[in-house]
Amino acid sequence: MRRQQDFLADQVPKEGKWSSRALAGASIIGGTSSAVNFNVISVAAVCLTACRELTLKLISPQAILPPVKAASAIFSKDLNSELRTRYALNSLLMFVVVTLSIILFSTAGEIVSSSLSAGILWIIVFFAAMSGLSRSFVSEEERGTSMTLQLWVKPTSVLLGKLAFNSVLIYVLNILIIFAYLLTMPSFVVKSPFIFFITVLLGSFGLASASTFIAAIISKANSKGTLYPVLSFPILLPLLMSVIDATRLSVDGASMAEASADFKILISYCVVVTTVAVVLFDFVWRD
Amino acid sequence: MKSWMKLLLGAWISAVLILGVTVPIGDIPGLGDRARIIFFHVPMSWVAVLAFLMSMWYGIMYLRKRDLKYDIRSESAAELGFVFCILATVTGSIWARFNWGSFWNWDPRETSIFVLLLIYGAYFSLRSALEIEERRASLSAVYSIIAFVTVPFFIFIMPRITFSLHPGGAGSAAPILNTNGKMYMGTDMKYVFFASLIGFTGLYLWLLQLRTRIGLVSYHKHAEAA
């Protein structure tokens, strides 16, 4: 009977959480009665599994929703819930105001060099991202909705939807930060706007894609808040060093050729990190 | 590891240590006798990167096979790599004090080893924040993979495109790690250098075997108790 049970457990597909639960239930009942009785019940469990697989195939949204559509559904869900509560945006705005005012208090009356002001700008962006972007996955774990998402859509769609939402969030946030920074820091004058524009465009996307993926990892861990910057910083450092350098060049009024080395690093970083995130996300999401 | 191999390893590393100090290395411009650090510092950083690569490799094996033994190997490799990474940082820093005048000045090479230390630190803090064994194994494997694809930006690209004082940075003549991709070493120096590389790699593999055995024993003990 033991062997039969193992054999049946092997027959049932691994993804079928309900089916294995049904089988476990069946074996509990089967344990109390005779072997024949057990056989009947386990055969019924296998039939149930087959029925479930069939119904899932027929009515599953995986069949209805192609990956891109699922990703856009997740994106609009996150956007709607953010627009309703304005949880992330409000607190992030206050975070930026607080950080900026501390910097302004400490640099009042000083002439800040271009490399220092570029560094300060990206410090604000980095820590704003660290306090805001983890929410996308942490909130799913906290509300216990990640299981539902796992059932209904493919992992890649989840990542792409969350990445799209986080990118939009970080773009909006960066526009606000940069406007506030340009207004309040007299020594931060961008002499090559085009270089600065490309830097922000690529830098924000790279930041969003690396930190979205790290957010998925830390949402499963215990000390989420402190772990997030610890894990993200080494991964983001190549990006931060090249965006700070490119920002300094744009403030100094450098030519496009001078900044091209940084842009090459930024583009390759974005491509590499996004690809790795898409490939590895299955292991993080379905662990 | 057989006991004759342990004895051989001990003799080998002792020989490397003695030769590293005594062998004539000729005149290297700008470095002089301080170039002898190459026999001890370079193998340390080599092992630190190798250990990180092995840790990632066992992580990938875990993700493929879902066997916790690979996770123990991966963790052991990372722990030893961390030790060698600290040794590389300390030896490099002492050398910098006598060649450049200060222990630490954020040269691109120093930044890259610092980032490697940070990644190891982040890896261990991630492991300690995850309680379920399978989840810890798969998430730390994933983290070591994503860290390893960003590390090349530092160790192999950054020091070559930015100006660095480290031997091998853009524009400075150096025995190894130069932009031409050639080695400029006398024959004696080359032999001792490779002997040292082999010796310390052997030492690392032996330590890794011991550490893995301890990990496996405590894992089985734990599994029996549960």
Next on the checklist: Step by step: first the residues of the stretch A:114-160, then only those that are of a type in the set (Val, Ile, Thr) and under 30 Å from A:Ser187 (Cα atoms), then the one that is nearest to the chain's Cα centre (by Cα). Which residue is that?
Outcome noted: A:Val125
Checklist entry - Given A:Ala259, A:Ala254, which one is of a type outside the set (Lys, Arg), over 19 Å from the mean Cα position of the chain (by Cα), under 22 Å from B:Thr111 (Cα atoms) and at pLDDT below 90? => result A:Ala259
Checklist entry - Within the stretch A:127-144, can one find any residue that is assigned by TED's automatic domain parsing to the domain that holds A:Thr226, part of a helix (DSSP H, G or I) and touching an Asp or Glu at 6+ places or on another chain (Cβ under 6 Å)? => result no
Next on the checklist: Being of a type in the set (S, T, N, Q) and surrounded by 18 or more Cβ atoms within 10 Å (Cβ to Cβ) is true for just one of A:Ser242, A:Ser255, A:Ser260, A:Ser268. Which residue is that?
Outcome noted: A:Ser242
Next on the checklist: Just checking, does the stretch A:47-62 include any residue being at pLDDT 65 or above, surrounded by 14 or more Cβ atoms within 10 Å (Cβ to Cβ) and in a helix (DSSP H, G or I)?
Outcome noted: no
Checklist entry - Scanning for something surrounded by fewer than 20 Cβ atoms within 10 Å (Cβ to Cβ) and more than 25 Å from B:Ile13 (Cα to Cα), does the stretch B:83-91 turn up at least one residue? => result no
Checklist entry - Is it the case that the stretch A:190-212 has a residue that's closer than 18 Å to B:Val142 by Cβ and facing chain B (nearest Cβ under 7 Å)? => result no
Checklist entry - How many residues does the stretch B:32-77 contain that are without any contact (Cβ under 8 Å) to a residue 60 or more places away in the chain and closer than 25 Å to B:Met189 by Cα? => result 5
Next on the checklist: Quick check on my filter: what residues within the stretch A:136-163 are under 28 Å from A:Val98 (Cβ atoms) and either in contact (Cβ under 8 Å) with a residue 60 or more places away in the chain or among the hydroxyl-bearing types (Ser, Thr, Tyr) (or both)?
Outcome noted: A:Ser136, A:Phe137, A:Val138, A:Ser139, A:Glu140, A:Glu141, A:Lys162, A:Leu163
Item to check | Residue within the stretch B:4-13 that is in contact (Cβ under 8 Å) with a residue 12 or more places away in the chain and buried (at least 21 other Cβ atoms within 10 Å of the Cβ) present | outcome: no
Checklist outcome for this item: Taking the stretch B:211-225 and keeping residues within 13 Å of B:Leu80 (Cβ to Cβ) and surrounded by 13 or more Cβ atoms within 10 Å (Cβ to Cβ) leaves B:Arg211, B:Thr212, B:Gly215
Checklist entry - Which of the residues that make up the stretch A:100-117 are part of a helix (DSSP H, G or I) and over 30 Å from A:Ala216 (Cβ atoms)? => result A:Ser101, A:Ile102, A:Ile103, A:Leu104, A:Phe105, A:Ser106, A:Thr107, A:Ser114, A:Ser115, A:Leu116, A:Ser117
Next on the checklist: Taking the condition of being in a helix (DSSP H, G or I) and either without any contact (Cβ under 8 Å) to a residue 12 or more places away in the chain or facing another protein chain (nearest Cβ under 8 Å) (or both), how many residues in the stretch A:219-264 meet it?
Outcome noted: 15
Checklist outcome for this item: In the stretch B:102-153, anything of a type outside the set (A, V, I, L, M, F, W, C), facing chain A (nearest Cβ under 7 Å) and buried (at least 21 other Cβ atoms within 10 Å of the Cβ) is listed as B:Ser138, B:Tyr143, B:Thr150
Checklist entry - In the stretch A:273-283, what residues are surrounded by fewer than 19 Cβ atoms within 10 Å (Cβ to Cβ) and among the β-branched types (Val, Ile, Thr)? => result A:Thr275, A:Val278, A:Val279
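The values are calculated or read from the model by the stated rules, or taken from the named source; none is laboratory data. What you are looking at is a predicted structure, and each value in this text was computed from that prediction instead of being measured. Please note: Cβ atoms are built from the backbone with ideal geometry, for glycine as well, and neighbour counts cover all protein chains shown.
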